[in-house]
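A.B. asks: Attaching a single structure in structure tokens format; questions to follow.
Please treat every number below as a calculation from the coordinates, not as lab data. What you see is a predicted model, and the numbers here were worked out from it, not measured in a lab. In this analysis, Cβ positions are derived from the backbone assuming ideal geometry, glycine residues included, and neighbour counts consider all displayed protein chains.
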Amino acid sequence: MEVFLKLTGLLLGTLLSDWLTAVLSRDFTLADIQQLHVSATPHPRGFKCFTCEDAEDNYSCNRWAPDQYCPKETRFCYTRHWMNADGESVSVTKRCVSPDECVSTGCVQHRAHMVCTSCCEGNICNLPVPWNKTAAIFSTISPLNRVNRVSPGKISALCIIIIIIFFFMLNNFS
Ligand SMILES: *[C@@H]1O[C@H](CO)[C@@H](O)[C@H](O)[C@H]1NC(C)=O
Ligand SMILES: *[C@@H]1O[C@H](CO)[C@@H](O)[C@H](O)[C@H]1NC(C)=O
């Protein structure tokens, strides 16, 4: 019986330490508070992008303000801008995309046309269109591979303390 209780205590301790790792892995920020207002966004980090398919120019594309949140699996706003030989807009496409659609930002020449693509992170950040390679970039607010870590030492110490407390409690109650 006692062994069973101790094993349970150990398991609970492990679970608790996992939970603590998740909770302690970063500071509570304003963004977290905003995320708690689930009514404000349909899912955490909800955002909108200007969205249009093959619009005539930047203005025609932006005329319709975005009123829908981007799908959960997307993370950036994308813009593709075709220009003719005179450097005038021919086609503008804007949408919500996942990171893999942002790997080829920049400008390329397609016969007489120049096509520039850009990606950005943030709510309706794709307002402008890229006209040259200076603007045809992938701009993110946060690092792409963000790792939130606390020193493993602290976590281990906490786990040990929790396990000790558990054993202490179990021994007192059994
Ligand atoms: C695109 O259109 C918006 C207005 O809808 C304007 O504020 C912005 O400056 C334009 N950007 C470019 C690069 O044309
Ligand atoms: C790129 O375009 C912006 C405005 O659209 C302009 O200010 C800038 O000088 C251009 N850069 C180059 C390298 O042509």
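A.B. asks: Do any trypsin sites (Lys or Arg not before Pro) in the stretch 89-119 lie in a DSSP loop with no more than 16 other beta carbon atoms within 10 Å, and if so, which?
C.D. replies: Numbers: sites: Lys94, Arg95, Arg111; in loops: Arg111.
Hits after loop and neighbour filter: Arg111.
A.B. asks: If you take the beta carbon distance between Gln68 and Asn172 as r and set R0 to 45 Å, what does 1/(1 + (r/R0)^6) give as a FRET efficiency, to the nearest 0.05?
C.D. replies: Numbers: r = 57 Å, r/R0 = 1.26.
E(calc), rounded to 0.05, equals 0.20.
A.B. asks: When every alpha-carbon pair in the stretch 45-139 is counted, what percent end up more than 21 Å apart?
C.D. replies: On the way: 1114 of 4465 pairs.
Value for the stretch 45-139 (Cα pairs over 21 Å): 25 percent.
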